[in-house]
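The structure appears below as structure tokens.
The values are calculated or read from the model by the stated rules, or taken from the named source; none is laboratory data. Note that the structure is predicted; figures quoted are calculated from it, not measured. With ideal geometry, Cβ positions are generated from the backbone for all residues, glycine too; neighbour counts draw on all protein chains shown. When the accessible area is computed, the model is the full protein with side chains, heavy atoms only, and any ligands, DNA or RNA have been set aside. Shrake-Rupley method; radii C 1.70, N 1.55, O 1.52, S 1.80 Å.
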Amino acid sequence: MSWTTALAIYFISWWIVLFAVLPFGVRSQVEEGEAVPGSDPGAPVLPRMARKLIWTTIISLVIYAAGLWAYRAGYFNVERLTKMMGIPF
């Protein structure tokens, strides 16, 4: 696998994990009772983006490392995956 392919796979997994992590721990202005006039009532009070970006990076690294290990161990090759799906190769 080339480094550009590895980087692209990591980038895609990072974005997927980011969208999964974004809603964790977010409380809206209505839930907190601190609604600012003129703003969306569902806007987060304290989004904590730096913490979420760090967690996203850590989780993505673990997922990527597991995927890379499975690829190098031979679990993610075309012949094996097509056989599992019942597609003739």
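With every protein chain left in place and a probe of 1.4 Å, what is the accessible surface of Thr4, to the nearest 10 Å²?
70 Å²
Taking only protein heavy atoms and a 1.4 Å probe, what accessible area per residue, in Å², does the chain have with all protein chains in place? All intermediate terms of the calculation are to be shown ahead of the outcome.
Working: 6940 Å² over 89 residues.
For the chain, the per-residue accessible area is 78 Å².
If we sort 28-36, 56-64 on the protection proxy, mean other Cβ atoms within 10 Å, highest first, what's the order?
Numbers: 28-36: 12.1, 56-64: 15.7.
Top to bottom by mean Cβ count within 10 Å: 56-64, 28-36.
Return the ratio Rg/(2.2 N^0.38 Å) for the chain, where Rg is computed over Cα atoms only. Walk me through the numbers on the way to the answer.
Numbers: Rg = 19.8 Å, N = 89, 2.2 N^0.38 = 12.1 Å.
Against the compact-globule rule of thumb, the ratio is 1.63.
Can you give the extra length, in nm with one decimal, that the chain gains between Asn77 and Glu34 once fully stretched, where that is 0.36 nm per residue apart less the Cα-Cα distance? Mind showing how you got there, number by number?
On the way: separation 43, 0.36 × 43 = 15.48 nm, distance 5.32 nm.
Stretched out fully, the Asn77 to Glu34 stretch lengthens by 10.2 nm.
With N set to the number of residues, divide the alpha-carbon radius of gyration of region 1-50 by 2.2 N^0.38 Å and report two decimals. All intermediate terms of the calculation are to be shown ahead of the outcome.
Working: Rg = 16.7 Å, N = 50, 2.2 N^0.38 = 9.7 Å.
It is 1.72.
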